[in-house]
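Structure, as structure tokens:
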Amino acid sequence: MNLRAENITKQFIRKRKGSNVMTAVQDVSLTLPEQGLTLIYGHSGSGKSTLMNMLAGLLAPTSGQVFLDDTDLYKLDDQNLSKLRRDHFGMIPQGQTALHSLTVMENVLLPYALFGKKGREEAETAGAEAYARELLEMTGISDLRDVKPGEMSGGEIRRMAIARALIRKPEFLLADEPTADLDEDNTKIVLDLFQAQADHGKSVLIISHDPTSRAFADTTYLMRDGLLLPE
Amino acid sequence: MFRSLPFRNISGKPGRTAGLLLLSGFLCFFILFGSLVIYGLRSGMASLEARLGADIMVVPYEAATKKDLDGMILQGNPGYFYMDRSVVDKVSSMEGVKQISEQFFLASASSNCCSLAVQLIGFDPKTDFTIQPWVEHTYRGELGYMEILVGSDLNAFAGDVLTFYGSDCRVAARLEKTGTYLDTAVYASEETIKTLITEAKEKKLFNFGDVDPDQIVSCVLVDVADGYSQEDVLNDIKIHVRRTQAVQTRNLISGVSGQLVGVSDVIGGLIVVIWFLALAILALVFAMIARERKKEFAVLRVIGASRGKLAAILLQEALIPGILGSLAGGILAVGLAGTFCQLIESTLGLPFLLPGIPGLLILVLAVTAVSVLTGALASALSAFRISRIDTALILRGEN
Ligand SMILES: Nc1ncnc2c1ncn2[C@@H]1O[C@H](COP(=O)(O)OP(=O)(O)OP(=O)(O)O)[C@@H](O)[C@H]1O
Ligand SMILES: [Mg+2]
């Protein structure tokens, strides 16, 4: 499978001197390979998150198209686009994204619990739970399994979001500044985890300012003023 | 794996859930209690209308002017008044009178069933056309000498023996509830009541002067023949039968009916106001909750929930406390209305009859449904609004 953007542009209406249209992403084309780790970096406000949201099926471009193989994401209705998102994408959005009434374990299992079929095999459920524990282990928050997000640090919540994005073993992992509030050690752990995903046939797209992430990337792009420049 | 997300969100926020429970409970309680009061008054009045049965009542002049009649029939205050028996013949000879029947009233406290005085009503089984038709539901057969029928509010049952003015009367049957003065009354044949009057006189408990029971009646009930106007017959009686007051039962009731319409309009208006208020408050609460939880909803969208799924989760979160709260409020309303219906009756001074179990169930279900739907409607507004916003925009909004 490949995910590609063809000449996508996103404009926002915004009060500004002169024109009131601001172009956040301008005529970007990008193909994520079936496998490998892709990195985008760039200044704040250069349009990175906007681009990723469009790739993730969360924000319709002003012009241009996003394809998953032959499927034009934004020609799908909400139901089918949502299904495509949950079946193929794992996303770690920028900022804190926790459900506060659920424990860490439940947060991680949520994508699985929410869309599971009714008469699901016990073995399958057990498998998901085991995988969730494994992910918590790998991200170093297995002690917090039964804790609620209200009692956790920013970096811990971030790692929980990473585990949640991985639980359904998506083909595409889209991570918007996944290491923003992590220390060096944890940054390394997370990047290793992403690399392992890439090595196992997944496609990983990371937005990051972190210089350490450069070393992990197979392909790197620079984003500047809405334009995507290969490096 | 773990209990459904709506459940977790509900139990995870006890304060918020308690608030929603209270709100919907309050809403359901008020609508149901109000509806029960309106219903009780309406059917009380309908029941009274049906039970009175006669077109015209002829009573002693003093009875009507002293408001004894109103007090007795509408509020159920025991009372008695008498006029000369000759009235019966005079009235029956009037043109347009189809059938008549006389009744005797007596009040007595000296009974072993009841703390308050009860109204004793004597009727002539041969001519009676108002009491027997509805008594037949519960009691068939002739009411023998010194046998009585008791209203449903009296603490006496078939086979019991009640004592009035020292005379024992056997209870033949207990009547079904009417919500009117008839519920606190005791019925007996003319002969029985005459005996009781005689007893009362002998014991000097009777302070209506020296009257001969055989020469008096308390009221004459008139059924007007088809083809005659009630007003004409009424006027004829007024002109020709002196020292009496003829009352059209329809008028007797219409005065109260007006009062009833007033009371139920006020309650109905209150219900509407409370409903709107609750809808507005609930909508506001849900909008606030939605704003506070925007980010959580965005997360659900990110992990692949469709708009429909998101709306379904929000609706469930609103419905569960809505249903529980409404049921609790509904049960409380029924309980209170049932416990205090006597008090409501005496406070409003109007006949009051609650529906039977099937009717009550239907009303409870209907009102609970309204209350639950109100909550659902209120939450649907914000569920719809939140599900329309682009997920990416929500995500940035609170970074
Ligand atoms: N909904 C919006 N309305 C108006 N302007 C927007 C909107 N979303 C993004 N923008 C603008 O588009 C530009 C790109 O935003 P974006 O969030 O993609 O930047 P970014 O590269 O992710 O920055 P950062 O590194 O700070 O996260 C910014 O100038 C931003 O102000
Ligand atoms: Mg960003």
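Before moving on, here are some points about what is shown:
- Any hit, region A:77-85, residues being under 19 Å from residue A:157 (Cβ atoms) and in contact (Cβ under 8 Å) with a residue 24 or more places away in the chain: no
- Selection count where residues are away from ligand 2 (no atom under 16 Å from the Cβ) and assigned to a strand (DSSP E or B), scope region A:9-22: 4
- Only a single criterion out of (1) within 14 Å of another protein chain (Cβ to nearest Cβ); (2) in a loop (DSSP other than H, G, I, E, B) is not satisfied by residue A:34, namely (1).
- If only residues of region A:26-60 that are away from ligand 2 (no atom under 16 Å from the Cβ) and at positive phi are counted, the one that is nearest to the chain's Cα centre (by Cα) is A:57.
- Strands (runs of 3 or more DSSP E) wholly inside region B:145-231 that include at least 1 residues being surrounded by fewer than 20 Cβ atoms within 10 Å (Cβ to Cβ) and under 34 Å from the mean Cα position of the chain (by Cα): B:147-150, B:161-164, B:167-174, B:219-224
- Candidates A:19, A:44, A:29 - the one that is away from ligand 1 (no atom under 14 Å from the Cβ) and either without any contact (Cβ under 8 Å) to a residue 40 or more places away in the chain or in contact with a strand residue (DSSP E or B) (Cβ under 8 Å, 6 or more places away or on another chain) (or both): A:29
- The residues in region B:346-399 that are away from chain A (no Cβ under 14 Å) and outside any helix (DSSP H, G or I) can be counted, and the count is 8.
- Enumerated helices (runs of 4 or more DSSP H) restricted to region A:122-231, each holding at least 1 residues that are touching a helix residue (DSSP H, G or I) at 6+ places or on another chain (Cβ under 9 Å), surrounded by fewer than 21 Cβ atoms within 10 Å (Cβ to Cβ) and hydroxyl-bearing (Ser, Thr, Tyr): A:122-139, A:184-199, A:211-214
- For region A:54-73, the count of residues that are within 11 Å of another protein chain (Cβ to nearest Cβ), polar (S, T, N, Q) and in contact with a Leu (Cβ under 9 Å, 6 or more places away or on another chain) is zero.
- Region B:342-364, subset hydrophobic (A, V, I, L, M, F, W, C) and loosely packed, with under 12 Cβ neighbours inside 10 Å, residue modelled with the lowest pLDDT: B:343
- Lone qualifier among A:193, A:205, A:229 - being more than 14 Å from chain B (Cβ to nearest Cβ) and within 16 Å of ligand 2 (Cβ to nearest atom): A:205
- Restricting attention to region A:1-38, the residues that are under 24 Å from residue A:215 (Cβ atoms) and in contact with a helix residue (DSSP H, G or I) (Cβ under 6 Å, 6 or more places away or on another chain) total 2.
- Meets criteria (small (Gly, Ala, Ser), within 16 Å of ligand 1 (Cβ to nearest atom) and within 14 Å of chain B (Cβ to nearest Cβ)) for residue A:180: yes
- Residue in region A:133-140 that is more than 28 Å from residue B:14 (Cβ to Cβ) and either of a type in the set (S, T, N, Q) or at the interface with chain B (Cβ under 8 Å from one of its Cβ atoms) (or both) present: yes
- Residue in region A:136-156 that is basic (Lys, Arg), in contact with a His (Cβ under 8 Å, 6 or more places away or on another chain) and either modelled with pLDDT of 90 or more or more than 23 Å from residue B:8 (Cβ to Cβ) (or both) present: yes
- Of residues in region A:51-64 being crowded, with 23+ Cβ neighbours inside 10 Å and farther than 18 Å from residue A:2 by Cα, the one nearest to ligand 1 (Cβ to nearest atom): A:59
- Filter result for the condition that a residue is among the charged types (D, E, K, R) and either within 16 Å of ligand 1 (Cβ to nearest atom) or closer than 26 Å to residue A:10 by Cβ (or both), over A:168, A:224, A:159: A:224
- Some residue of region A:96-112 being under 29 Å from residue B:317 (Cα atoms), assigned to a loop (DSSP other than H, G, I, E, B) and within 16 Å of ligand 2 (Cβ to nearest atom): yes
- Pairs with Cβ under 6 Å, 6+ apart, first in region B:237-255 and without any contact (Cβ under 8 Å) to a residue 40 or more places away in the chain, second part of a strand (DSSP E or B) and small (Gly, Ala, Ser): B:238/B:246
- Residue in region A:189-198 that is within 30 Å of residue A:10 (Cα to Cα) and within 16 Å of ligand 1 (Cβ to nearest atom) present: no
- Filter pass, residue A:67 being under 19 Å from the mean Cα position of the chain (by Cα), modelled with pLDDT of 95 or more and surrounded by fewer than 19 Cβ atoms within 10 Å (Cβ to Cβ): yes
- Being surrounded by fewer than 22 Cβ atoms within 10 Å (Cβ to Cβ) and within 22 Å of residue B:4 (Cα to Cα) is true of residue B:312.
- Boolean, residue B:51 is modelled with pLDDT of 80 or more and out of contact with any Lys or Arg (no Cβ under 6 Å at 6 or more places or on another chain): no
- Elements of type helices (runs of 4 or more DSSP H) contained in region B:1-83, each with 1 or more residues being under 14 Å from the mean Cα position of the chain (by Cα) and more than 14 Å from chain A (Cβ to nearest Cβ): B:14-52, B:68-75
- Scanning region B:343-351 turns up no residue that is within 25 Å of residue B:21 (Cα to Cα) and of a type in the set (A, V, I, L, M, F, W, C).
- Residues (in contact with a strand residue (DSSP E or B) (Cβ under 7 Å, 6 or more places away or on another chain) and not in a loop (DSSP other than H, G, I, E, B)) located in region A:47-67: A:48, A:49, A:50, A:51, A:52, A:54, A:55, A:63, A:64, A:65, A:66, A:67
- Looking across region A:86-104 at every residue that is facing chain B (nearest Cβ under 8 Å) and farther than 21 Å from residue A:197 by Cα, the one that is nearest to ligand 1 (Cβ to nearest atom) is identified as A:95.
The values are calculated or read from the model by the stated rules, or taken from the named source; none is laboratory data. This is a predicted model, so every value here is computed, not measured. All Cβ positions, glycine included, derive from the backbone under ideal geometry; neighbour counts span all protein chains shown.
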